[in-house]
Amino acid sequence: MTATMDSLKSAEHQWHHLSNEQVARLLKTDLESGLSFTEAAERHERFGPNQLTAQKKESAWLRFFQQFNQPLLYILLVAGLITAFLREWIDSGVIFGVTLLNATIGFIQESKAEDAIAALAKSVTTEATILRTGQKQVVPSSELVPGDLVLLSSGDKVPADLRLIETRDLQVDESALTGESVPVEKELQLLAADTPLAERTNMAFTGSLVTFGQGRGLVVGIGEMTETGHLSQLMQQSTTLETPLTRKIDRFGKTLLYVILGLASFTFVVGIAQGLSWVEVFKAAVALAVSAIPEGLPAILTVTLATGVSRMAKRHAIIRKLPAIETLGSTTVICSDKTGTLTENQMTVQEIEAGGKRYRVSGGGYAPNGEISLNGHSVDLENSPALYECLQAGLLCNDSHLDVQDGNWAVVGSPTEGALVAVAHKAGLNTDQLNQVLSRLDTLPFESQFQYMATLHDNHPERLIYVKGSIEAILKRCRQMLSEDAKVIAINPEHIEQAVDKMAKKGLRVLALAKKVVPASQASIKHADLAQGLVFLGIQGMIDPPRPEAIQAIRSCWSAGIQIKMITGDHAKTAAAIAGQMGLNQTGEAPVLTGQELAQLNEEELANAVEQSSVFARVAPEQKLHIVKALQSRGEIVAMTGDGVNDAPALKQADIGVAMGITGTEVTKEAADMILTNDNFASIEAAVEEGRTVYKNLLRAIAFILPVNVGESMTILIAVLLATPLPILPVQILWLNMVSSVALSVPLAFEPPSPDILRQPPRPVNEPLLSRRLITRILAVSLFNWLVIFGSFEWIIRTTGNEALARTVAVQALVAAEAFYLLGISRFVPAITAKLRGKDEAFGYAVVFGIGGVFILQFLFSQWSIMNQLFATEALSMAQGLICIGAGLPMIALAALLKRFAPLN
C-alpha cells in the first residue's frame with residue numbers, strides 16, 4: 001500500500017502523459033476487472049473516503065456577532081448606551097440583556113436551520129458504477145479508492161479524477177472546473193506532460209458531468225488529491241436562509257428603521273415643546289423606538305422556513321434551493337413525466353406481436369409465473385421461432401436482471417428491461433445460458449436523442465446486433481422482418497403500425513425489437529451501423545398502471561388551480577389512454593400533441609397549443625425547454641420534472657425544477673430546485689401543499705407580531721401627545737416583544753396545512769408582502785391592542801392611583817389579548833370544532849404549549865419579587881388577574897370578524 005501511495009504522489013498531475021498500462025501498473029490494478037474486494041477495502045482504510053474536506057464555516061463567535069448586524073438592533077444598542085449614561089442601570093441592563101437574548105435566539109435558530117438544510121442536501125448521495133473482481137457494482141462515490149475501474153455513461157457525475165482507458169462518443173461538461181462552456185469530447189491518445197488542465201482530453205475530473213456517450217476510467221485521485229481538491233473549489237449546496245420573502249422583510253426592516261427614527265424624533269420634539277424634562281422625554285422616545293421594533297420576527301421566519309424544509313423532506317421532497325418553498329405556493333402548472341412519476345414504473349408485458357401473430361401473456365409483476373398463449377392455447381417456443389427471436393432479443397439487449405428480495409421478485413435496473421427479462425423467463429429462456437452462447441462484445445447505451453439501445457454478440461461464425469427502442473426509431477431502420485417461421489421477408493409497416501395502435505389504445509407501452517447480422521471481424525457498434533439494414537423482430541406491449549395516489553394528487557391540483565401537463569416519450573395513443581385513466585383533462589379525452597407536431601409550430605402557435613393541451617407524446621428532451629418557455633410567456637409559474645441528462649435545460653428554465661431521486665441522473669439533480677426521493681407525483685402535490693402552508697404560516701407570524709408593535713407604539717405616542725405617564729415602560733415593552741410575543745408566535749411556524757389549502761388558487765408571484773387584507777388586519781388588531789393597554793392603565797390609575805400596578809395590568813391584559821388572538825389566527829379552534837363534529841383534522845399542539853409557557857412566564861413577571869424589581873411591576877390579586885383576562889376576551893370576536901372579512905389567503 002505504501003508503494004501505491006508513493007506512486008500517486010510521484011505521478012501527480014502526470015496521468016495524462018502515461019499509457020493505460022503504465023497507469024494500471026502504478027496503481028496496481030487490472031484494466032479489465034479492476035481491484036479485488038480485499039484490495040479495495042484495504043485502500044479505503046488507507047486513503048479514507050472520497051470526499052473533500054468541508055470548507056471551514058465562519059467561527060461561531062463571528063456568526064454570533066453578526067446577529068447584531070441588523071439596523072433595528074442598532075437602535076436598541078444606542079438606547080441601551082444612552083440609558084446607561086443616564087445611570088438607569090436596570091433599564092440599561094434589561095435592554096442589553098434582551099438584545100443579547102435576541103442575538104442568542106437568532107444564532108441558535110439559524111445554526112439549527114442551516115445544519116438541517118445541509119444534512120438534507122447531503123442525504124442526496126452520488127453513486128458510481130464500478131468493476132471489482134470483474135463484477136459490476138453501484139456504490140456511493142465516497143467509497144471509491146485509487147485504482148478502481150469506473151464506468152461512465154450519459155447523465156453521470158464524474159465521481160473522482162479518472163484516467164480514461166476507453167471511450168465511446170464521450171463528452172463531459174467541465175465548466176465548473178475549467179470554465180469551458182462547451183462539453184469536451186474525450187479521447188485516449190497520450191498527451192504532453194505540460195498539457196493545460198482544460199486540454200487534458202484523456203482525463204475526467206471530479207464533479208464534471210457526462211453529457212453524452214460512455215467510457216471507462218481508472219481512479220487516479222480522490223478527495224483532496226483531485227484537481228478540484230487542489231483548487232479548493234467545493235461544489236456544495238449553499239445553505240443560506242435567504243429567500244425572496246426574507247429579502248422583502250429586510251427591505252421592510254430598513255424602511256421601518258427610518259419610520260422609527262422619525263417617530264422617536266417627533267416624540268422627543270413634542271415632549272420638549274410641552275415643557276417636559278429631556279430625560280423623561282428621552283425615555284418616552286426610547287420606549288417608542290423599542291415598541292416599534294419587531295425583535296422576534298427574524299427568529300420566527302427562520303424557524304418557519306426550517307420547519308417547512310424538514311416537513312417536505314418527510315414527505316419525500318428535498319429542497320435544494322430555499323426560494324423554491326415560496327415559489328411552490330405560486331405554481332400554476334406542473335409538467336410531469338409519465339413513467340415512474342405518474343405511473344407505478346412496474347412493467348409487465350401483456351402482449352407480443354411477432355411474425356405477424358398476436359400473443360397474450362399472463363401473470364403480473366416480475367415473477368416468472370405465467371404463460372404465453374396464442375388464441376387461448378399455450379405456445380411451444382420450438383414451433384414459434386419468430387416469437388423466440390423476439391424474446392431472445394429482449395433478454396440479451398438488456399442491462400437489468402431480476403432478483404428475489406424478501407421473498408418477492410424485483411428488478412435490479414430498469415423496470416422496462418425487467419419486464420422483458422420476466423416475459424422471457426416465463427417462456428423458459430435462461431439468461432446465463434444465452435449469455436454463454438451469445439456472449440456480449442459491445443454495447444451502445446440508450447440515448448434519448450436516438451431512442452434505442454444496441455448490443456453486439458458473438459454468434460460464430462458471424463456476429464449479431466440486437467436493438468430495442470421506440471417503434472419510430474426502429475421501424476424506419478428496417479426493410480425486412482421475420483415471418484412466423486422466422487424467414488426473412490419484406491416488412492409490412494401498415495400491419496405493424498395497426499398492431500402498435502391497438503396496444504397503445506389499451507394504455508400499453510410499446511417497445512420494438514430488431515436485429516442485424518454483421519461480419520465476425522466487427523468488434524464494436526456505432527450509430528452508423530444501425531442507420532439501415534435491421535430486421536424487424538416484433539413488438540412487446542407492457543402495462544405500467546397509474547399510481548392511485550397520483551390520480552388523487554391530480555384531482556387535488558385541479559382543485560388548487562394548478563394545471564397538470566403530462567410529457568412522455570411514449571406513443572401518442574398510449575399517452576392518451578393513460579391520461580384518460582388519470583383524469584388529466586377535465587373536459588373529457590385529453591388532446592394529445594406529439595413532438596413532431598410541436599416542431600412545426602411558431603412561437604405564438606406553440607404558446608396557444610401548450611396552454612390548451614394537457615398531454616404531449618413522443619417529445620424530445622429539448623422540446624421540454626420550449627414547452628416551459630411557451631407556458632412562461634403566458635404568465636404561468638411552471639414546475640418541471642425530469643430525470644435524463646437532456647432534461648437539465650428545461651429544469652433550469654422552469655420556475656421550479658424537480659429531479660427524480662431514484663431514476664434521475666446527477667446532471668438533473670444538479671439543475672433541480674427540488675428532488676423527489678420516491679419519484680412519485682404525489683410528492684409534488686405534497687410539496688405544493690407544504691409550500692403554501694409555509695407561506696401562510698409566515699403571514700400568520702407577521703399578522704401576529706406587527707400589531708403588538710404598532711399597538712405599543714400608538715400607546716407611547718398618544719401618551720406623549722396627551723402629556724400623561726407612559727402606560728408601559730421600555731423594559732416592559734422589551735419583555736412583551738422578546739418573550740411573550742415570541743413564545744406565542746413560534747407555534748405558528750408548526751401549524752399544519754389547513755384542509756382547504758389546496759382548494760385555493762395559487763398565490764400571485766408578485767403579491768406584495770403587506771397586502772390590503774394584511775394591512776387591514778394589522779391596523780384593526782393594533783387599534784384593539786392600544787385600547788387594551790391604554791384602557792387598562794387608565795382604569796387602574798383612576799381607581800388606585802398606583803402606576804406600577806396599572807402598568808402591570810396593562811401588560812398582562814395585552815398578553816391575554818395576544819393569547820386569544822393566537823387561538824383565532826391558528827388552526828387550533830377550527831381543528832377542535834372539526835373533531836367535535838367527528839372529522840379527523842390535524843391541529844398544532846404547539847399552540848397549547850405556547851400559551852401554557854406564556855402563562856407561566858407572565859405569572860413570574862408579575863408575582864416574583866425579582867421580576868417586580870427588574871421590570872417595575874407589582875403583584876396582582878386573583879381578581880385583578882381575571883380583569884386582565886376579561887380585557888382580552890373581546891379579541892375572540894375581533895379575530896372571528898377578521899377571519900371573515902380579512903382572511904389570510
Residues of region 323-348 being farther than 20 Å from GLU549 by Cα and part of a helix (DSSP H, G or I), which ones? ALA324, ILE325, GLU326, THR327
List the residue pairs whose Cβ atoms are under 7 Å apart, where the first residue sits in region 601-616 and is without any contact (Cβ under 8 Å) to a residue 24 or more places away in the chain, the second is crowded, with 16+ Cβ neighbours inside 10 Å and in a strand (DSSP E or B), and the two are 6 or more positions apart or on different chains. ALA609/LEU593
Residues that are in contact (Cβ under 8 Å) with a residue 60 or more places away in the chain, in contact with a Leu (Cβ under 8 Å, 6 or more places away or on another chain) and more than 28 Å from GLU447 (Cα to Cα), drawn from region 190-212: LEU190
Return yes when ALA393 is hydrophobic (A, V, I, L, M, F, W, C), open to solvent by less than 40 Å² (accessible area, probe 1.4 Å) and in a loop (DSSP other than H, G, I, E, B) and no when it is not. no
Cβ contacts < 9 Å: first residue closer than 18 Å to THR574 by Cβ and among the acidic types (Asp, Glu), restricted to region 543-555; second residue in a helix (DSSP H, G or I) and open to solvent by less than 40 Å² (accessible area, probe 1.4 Å), any location; separation 6+ or different chain. Result? ASP544/PRO415; ASP544/THR416; ASP544/ALA419; ASP544/ILE578
Check off (1) modelled with pLDDT of 65 or more; (2) assigned to a helix (DSSP H, G or I); (3) closer than 30 Å to ILE325 by Cα for ALA113 and give me the number that stays unchecked. (1)
Taking strands (runs of 3 or more DSSP E) that do not extend beyond region 422-485, which have at least 2 residues that are within 36 Å of the chain's Cα centre (by Cα)? 440-447, 452-459, 462-469
Please work out which residue is surrounded by the fewest Cβ atoms within 10 Å (Cβ to Cβ), limiting yourself to region 122-175 and to residues that are without any contact (Cβ under 8 Å) to a residue 40 or more places away in the chain and among the small types (Gly, Ala, Ser). SER175
Residue among THR416, THR455 that alone is buried (at least 16 other Cβ atoms within 10 Å of the Cβ), at pLDDT below 90 and closer than 29 Å to ILE491 by Cβ: THR416
Report whether or not SER439 is at pLDDT below 90, open to solvent by less than 70 Å² (accessible area, probe 1.4 Å), closer than 30 Å to SER521 by Cα and not basic (Lys, Arg). no
Among the residues of region 570-586, are any open to solvent by 30 Å² or more (accessible area, probe 1.4 Å) and modelled with pLDDT of 90 or more? no
Just checking: which of the helices (runs of 4 or more DSSP H) contained wholly in region 787-905 hold 3 or more residues that are at pLDDT 90 or above? 803-825, 846-863, 865-871, 878-888, 891-901
Leading residue by the ranking (modelled with the lowest pLDDT) among those in region 383-403 that are out of contact with any helix residue (DSSP H, G or I) (no Cβ under 8 Å at 6 or more places or on another chain) and over 17 Å from PRO415 (Cα atoms): ASN383
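Please pick out the residue among GLU382, GLU344, GLU351 that is open to solvent by 40 Å² or more (accessible area, probe 1.4 Å) and under 14 Å from MET542 (Cα atoms).
GLU344
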Go through (1) at pLDDT 90 or above; (2) assigned to a loop (DSSP other than H, G, I, E, B); (3) of a type in the set (A, V, I, L, M, F, W, C) for LEU52 and report which single condition fails. (1)
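Just for region 743-768: of the residues that are aliphatic (A, V, I, L, M) and not in a loop (DSSP other than H, G, I, E, B), which one is farthest from LEU822 (Cα to Cα)?
So, considering only residues that are aliphatic (A, V, I, L, M) and not in a loop (DSSP other than H, G, I, E, B), the one farthest from LEU822 (Cα to Cα) is LEU758.
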Within region 598-617, residues out of contact with any Asp or Glu (no Cβ under 7 Å at 6 or more places or on another chain) and crowded, with 18+ Cβ neighbours inside 10 Å come out as LEU598, LEU606, ALA607, VAL610, SER613, SER614, VAL615, PHE616
Yes or no: region 349-366 includes at least one residue that is closer than 20 Å to LYS516 by Cβ and of a type outside the set (Asp, Glu). yes
For region 486-516, what are the residues that are part of a strand (DSSP E or B), open to solvent by 50 Å² or more (accessible area, probe 1.4 Å) and at pLDDT 90 or above? VAL488, ILE489, ALA490
If you check LYS321, LYS338, which single one turns out to be at pLDDT below 85 and either open to solvent by 20 Å² or more (accessible area, probe 1.4 Å) or closer than 21 Å to GLN632 by Cβ (or both)? LYS321
Considering each of ALA810, ALA831 in turn, give the residue that is under 32 Å from the mean Cα position of the chain (by Cα) and surrounded by 15 or more Cβ atoms within 10 Å (Cβ to Cβ). ALA831
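Among the candidates ILE300, ILE272, which residue alone is open to solvent by 20 Å² or more (accessible area, probe 1.4 Å), over 17 Å from ILE733 (Cα atoms) and part of a helix (DSSP H, G or I)?
The match here is ILE272.
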Condition broken by TRP558, with the remaining ones in (1) touching a residue at least 12 places away in the same chain (Cβ under 8 Å); (2) not in a helix (DSSP H, G or I) satisfied: (2)
For ALA354, indicate whether it is modelled with pLDDT of 85 or more and farther than 19 Å from ILE496 by Cβ. no
Subset of region 395-407 (residues that are free of Cβ contacts under 8 Å to residues at least 40 places away in the same chain and over 12 Å from ALA424 (Cα atoms)): SER400, ASP403, VAL404, GLN405, ASP406, GLY407
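The values are calculated or read from the model by the stated rules, or taken from the named source; none is laboratory data. Model, not experiment: these values are computed from the prediction. When we count neighbours, we look across all protein chains shown, and the Cβ atoms used for this are built from the backbone with ideal geometry, even at glycine. Ligands, DNA and RNA are stripped out before the accessible areas are found, and what is left, the full protein with its side chains, is counted by its heavy atoms. Shrake-Rupley method; radii C 1.70, N 1.55, O 1.52, S 1.80 Å.
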